[in-house]
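Before any comments, here is the structure.
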Amino acid sequence: MIKADRKEIFRYLGYRGREPETGVAEAADSCAAALQTVVEPRHVRRVFPLEWVSADRFRIEGMDVVSRNLSRNLRGCSEVCLMAATLGLGPDRLVQREEALGKMSRAVILQAAAAAMIEAYCDDVNEEIRREAAPKGLFLRPRFSPGYGDFSLEHQTELFRILEVQKKIGVTLTGSLLMMPSKSVTAVIGLSKENTHCMVQGCEVCGKQDCSFRRN
């Protein structure tokens with residue numbers, strides 16, 4: 001069972017730091033429960049050496065990356081874990097069914113709950129990686145996905161190639177670099193002997209200050 005954080009659901013619905021109306025909160029709980037019956041969580045992950053070229057440039061298994069934000073996140077790392085995760089087609093089909101029935105509000109809440117759920121599943125995968133790394137004296141940096149900061153979305157293609165994402169977990173990449181099923185995530189996680197907690201992630205590296213989904 002994947003537990004979706006209610007506060008995260010409300011954030012995806014645009015409630016920044018405030019509680020929603022009772023009806024919305026009840027609908028969020030109902031949608032989260034409905035999603036539990038259709039999700040098929042799967043993931044793939046592998047660890048690779050990290051080859052530094054310069055302060056802001058590095059290579060991972062033939063993937064050449066120039067990114068100031070991600071380089072900052074990975075500083076001091078000699079290895080990285082690449083991961084891809086998905087909730088399967090169930091959430092997309094559930095949303096499509098509600099839209100076909102004209103229940104647009106419920107479809108929107110389902111989207112928000114599914115977004116919170118895939119993040120919760122990625123947190124679970126993160127914890128597995130942390131437990132495996134601990135006996136080796138390694139610590140995890142925050143996961144960092146293509147599209148965060150200046151880490152180009154174009155790297156999705158290479159991540160899919162390296163991890164064999166379509167073959168391993170059935171996620172495909174569209175021509176516009178969107179993933180299908182839509183509730184899927186790819187990410188880079190640094191592995192370091194330094195136990196540092198100062199690295200930024202997610203909303204903290206994004207310059208879009210007026211985003212309605214931004215964490216406070």
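The requirement of being crowded, with 18+ Cβ neighbours inside 10 Å, closer than 20 Å to F48 by Cα and among the aliphatic types (A, V, I, L, M) is not satisfied by I118. Those helices (runs of 4 or more DSSP H) of segment 87-198 in which at least 2 residues are in contact with a strand residue (DSSP E or B) (Cβ under 7 Å, 6 or more places away or on another chain), considering only elements entirely within it, cover 104-133, 156-163, 165-169.
For segment 8-51, the set of residues classified as surrounded by 14 or more Cβ atoms within 10 Å (Cβ to Cβ), out of contact with any Leu (no Cβ under 9 Å at 6 or more places or on another chain) and not in a helix (DSSP H, G or I) consists of L13, Y15, H43, listed by residue number. Of everything in segment 175-198 that is surrounded by fewer than 20 Cβ atoms within 10 Å (Cβ to Cβ) and more than 24 Å from V95 (Cβ to Cβ), the residue that is modelled with the lowest pLDDT is C198.
The values are calculated or read from the model by the stated rules, or taken from the named source; none is laboratory data. Everything numeric in this text was worked out from a predicted model, so none of it was measured. Neighbour counts run over all protein chains shown; Cβ positions are idealised from the backbone, glycine included.
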